Number of protein chains: 2
Amino acid sequence: MKNEYDVIIIGGGPAGLTAGIYTSRDYLSTLIIERALIGGNITNAEEVDNYPGYPDGINGFDLTAKMHAQATKYGAETLTADVTGINLDGNLKNVHLTDSIITGKAVIVASGTERVKLNVPGEKEFIGRGVSYCATCDGPFFKDKNIAVIGGGNAALYEAMHLSKFADTVTIIHRRDTFRSTKVVQDKTLNISKIKVLLNTVVDSIEGEDKVKRLVLASTVNGSRANLDIDGVFIAAGLRPNTQFLQGLVKLDKQGSIAVNQIMQTSVEGIFAAGDVRIQSIRQVVAAAGDGAQAAFHARSYLEK
Amino acid sequence: MKNEYDVIIIGGGPAGLTAGIYTSRDYLSTLIIERALIGGNITNAEEVDNYPGYPDGINGFDLTAKMHAQATKYGAETLTADVTGINLDGNLKNVHLTDSIITGKAVIVASGTERVKLNVPGEKEFIGRGVSYCATCDGPFFKDKNIAVIGGGNAALYEAMHLSKFADTVTIIHRRDTFRSTKVVQDKTLNISKIKVLLNTVVDSIEGEDKVKRLVLASTVNGSRANLDIDGVFIAAGLRPNTQFLQGLVKLDKQGSIAVNQIMQTSVEGIFAAGDVRIQSIRQVVAAAGDGAQAAFHARSYLEK
């Protein structure tokens, strides 16, 4: 490992790995920094059906392992480390790790999002086996099944509406007595006959064997408990962009997503963003990969200027 | 085939096929209209090295055939036809073909670009075997080789600059006595020692056996001819977006590319654009595919509204 790179990529999911394929194939020295597992959130996906080029589907771990091999083949280096901050030194960007600093001429932030977890028993255990955080990704796997959506905002209700196309029943479970979602979205969603609602209710645990079989629910009013038999549960409790280390440096929106223009440039010249961490992301592997290619392309233009 | 679809996709390259995977997997009735060969321009690529997920590279035809199989698997239909225009009928979009009309609730335009050809002997014959229209795609295949770039605009000079990282020599061939490129780009490019310039020169033919071996050049001043031995030739004579059928309907830029906002929506609600045909496209397969997913996602939101 060197102390200085043409391009430092923060995050080793599909966006970061694709950026790394592009920059390293263009002979730009490239370091990809990932704090946990190469591949990002999608490594949890048993089967990715909608990544173009794999008509029979592909396991999320395998797909991102291929992307990683591809970036490595062209010379991108990978480092497991936590990024704690970035400071500017003229045109250079100093990327601070827990115990060292690495300098980049350009930086691509592809650090993704954390799904807000329920933190209940069974949630982690059944990810990819009935527990999902993405209706667009996993909805079609639940044709004619009974499923639940946990959450009360617009995202939760839109997911329920979308899932009702596949599922036999969709039960929306929300801890409060009213939805946070807008009136118009509620009107559209709650009129769908397949959709049921349980308010004042929280999930105590997710149970099953090979796959999810039921939720254990608790009333927030009187604490009474009940079981709900379901085949799948979509947790729509929100997303937290991994941008704490960028506070005060680049422009973020209220949720903490990175503001970018159409060429993936952030508010700081030479710092780009790609994938789930940017505003308006649809949080799909191929879209993140496309972002990564764009950010890399424009990082190259920036370095050639 | 029906007369009405939820989504009509114009263009069967990576952007259109990916949009089709997404819309059909979401149970939206989908028709993909392609006027020529499913797969688009990339079908000419012998080896695509930078599509994430194929670390050993994949033939362009095979890659898009897989994408097509994937869209078909989820129910997307494909039609070979020329689109001659679109007219709006309330919220519906009537897509005019040579001898019929098909109606879509939403339309995704992914009709790509035509590369401006030199139209000289050997050009078509050697595509993918020494003739290229994309430095980002094919530059790395020409490490330590002698290559030529044809053109005189900013794009041509930037391509030459980029290619000089790989090639041994890069000869820029331009038919006029001055470059159209801006002064600052000329200064940066023409100072690179690997880059040579031939002005007042046109390509008469491209010759070789298995692969390109030489250009036959002609002076535009006195018609004299000369051979130039090269291993590859990058034609940077411009791109023509396939948007003639959209004139007067959606906003285009001066070159004819479709103006889109960050969610791939054009100036007309319910009409989206994706891939090489939109403004700011980097003309890469994965970026086009990412666009297609985004356009499909937002077409779905439009239809759910």
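The values are calculated or read from the model by the stated rules, or taken from the named source; none is laboratory data. It should be emphasised that the depicted structure is a prediction, and the values quoted were computed from it without experimental measurement. Note: ideal-geometry Cβ built from the backbone for every residue, glycine included; neighbour counts use all protein chains shown. To get the accessible areas, we keep the full protein, side chains included, count just its heavy atoms, and leave off ligands, DNA and RNA. Shrake-Rupley method; radii C 1.70, N 1.55, O 1.52, S 1.80 Å.
The table below lists the values:
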{"quantity": "Identity of the residue in segment A:63-76, buried (at least 17 other Cβ atoms within 10 Å of the Cβ) and over 20 Å from the mean Cα position of the chain (by Cα), that ends up farthest from the other protein chains (Cβ to nearest Cβ)", "calculated": "A:Ala76"}
{"quantity": "Residue list for segment A:183-201, restricted to those being modelled with pLDDT under 95 and within 23 Å of A:Phe166 (Cα to Cα)", "calculated": "A:Val184, A:Val185, A:Gln186, A:Asp187, A:Lys188, A:Thr189, A:Leu190, A:Asn191"}
{"quantity": "Residue satisfying all of: in segment A:262-279; out of contact with any His (no Cβ under 6 Å at 6 or more places or on another chain) and more than 21 Å from A:Arg240 (Cα to Cα); least open to solvent (accessible area, probe 1.4 Å) among these", "calculated": "A:Gly270"}
{"quantity": "Residue within segment A:296-305 that is farther than 30 Å from A:Pro121 by Cα, away from every other protein chain (no Cβ under 12 Å) and out of contact with any His (no Cβ under 6 Å at 6 or more places or on another chain) present", "calculated": "yes"}
{"quantity": "Complete set of residues in segment A:150-180 that are more than 14 Å from chain B (Cβ to nearest Cβ) and more than 19 Å from A:Gly130 (Cβ to Cβ)", "calculated": "A:Gly152, A:Gly153, A:His174, A:Arg175, A:Arg176, A:Asp177, A:Thr178, A:Phe179, A:Arg180"}
{"quantity": "Options B:Lys196, B:Lys188: the member that is part of a strand (DSSP E or B), among the charged types (D, E, K, R) and either open to solvent by 40 Å² or more (accessible area, probe 1.4 Å) or more than 30 Å from A:Lys73 (Cβ to Cβ) (or both)", "calculated": "B:Lys196"}
{"quantity": "Residue in segment A:41-62 that is crowded, with 17+ Cβ neighbours inside 10 Å, within 10 Å of another protein chain (Cβ to nearest Cβ) and closer than 23 Å to A:Leu28 by Cβ present", "calculated": "no"}
{"quantity": "Residue pairs meeting the criteria (Cβ under 8 Å; at least 6 apart or on separate chains; first closer than 14 Å to A:Ile21 by Cβ and at the interface with chain A (Cβ under 10 Å from one of its Cβ atoms), in segment B:272-289; second open to solvent by 10 Å² or more (accessible area, probe 1.4 Å) and small (Gly, Ala, Ser))", "calculated": "B:Ala287/B:Ser281"}
{"quantity": "Checklist (1) within 28 Å of B:Ala274 (Cβ to Cβ); (2) at pLDDT 95 or above; (3) surrounded by fewer than 23 Cβ atoms within 10 Å (Cβ to Cβ) applied to B:Asn154, failing item", "calculated": "(2)"}
{"quantity": "Boolean, A:Lys66 is at pLDDT 95 or above, of a type in the set (Lys, Arg) and in a helix (DSSP H, G or I)", "calculated": "yes"}
{"quantity": "Spans of strands (runs of 3 or more DSSP E) in segment B:91-131 with at least 3 residues over 23 Å from the mean Cα position of the chain (by Cα)", "calculated": "B:92-97, B:101-109"}
{"quantity": "Odd one out for B:Ile147 among (1) over 22 Å from B:Pro241 (Cβ atoms); (2) within 14 Å of chain A (Cβ to nearest Cβ); (3) in contact with a Gly (Cβ under 9 Å, 6 or more places away or on another chain); (4) open to solvent by less than 60 Å² (accessible area, probe 1.4 Å)", "calculated": "(2)"}
{"quantity": "Odd one out for B:Lys305 among (1) surrounded by fewer than 17 Cβ atoms within 10 Å (Cβ to Cβ); (2) of a type outside the set (A, V, I, L, M); (3) touching a residue at least 12 places away in the same chain (Cβ under 8 Å)", "calculated": "(3)"}
{"quantity": "A:Thr80 being among the β-branched types (Val, Ile, Thr), within 14 Å of another protein chain (Cβ to nearest Cβ) and out of contact with any helix residue (DSSP H, G or I) (no Cβ under 8 Å at 6 or more places or on another chain)", "calculated": "no"}
{"quantity": "Test: residue in segment A:101-113 that is farther than 29 Å from A:Val250 by Cα and open to solvent by less than 40 Å² (accessible area, probe 1.4 Å)", "calculated": "no"}
{"quantity": "Boolean, A:Gly139 is touching a helix residue (DSSP H, G or I) at 6+ places or on another chain (Cβ under 8 Å) and on the phi > 0 side of the Ramachandran plot", "calculated": "no"}
{"quantity": "Checklist (1) within 12 Å of chain A (Cβ to nearest Cβ); (2) farther than 13 Å from A:Tyr54 by Cα; (3) open to solvent by less than 20 Å² (accessible area, probe 1.4 Å); (4) not in a helix (DSSP H, G or I) applied to B:Val7, failing item", "calculated": "(1)"}
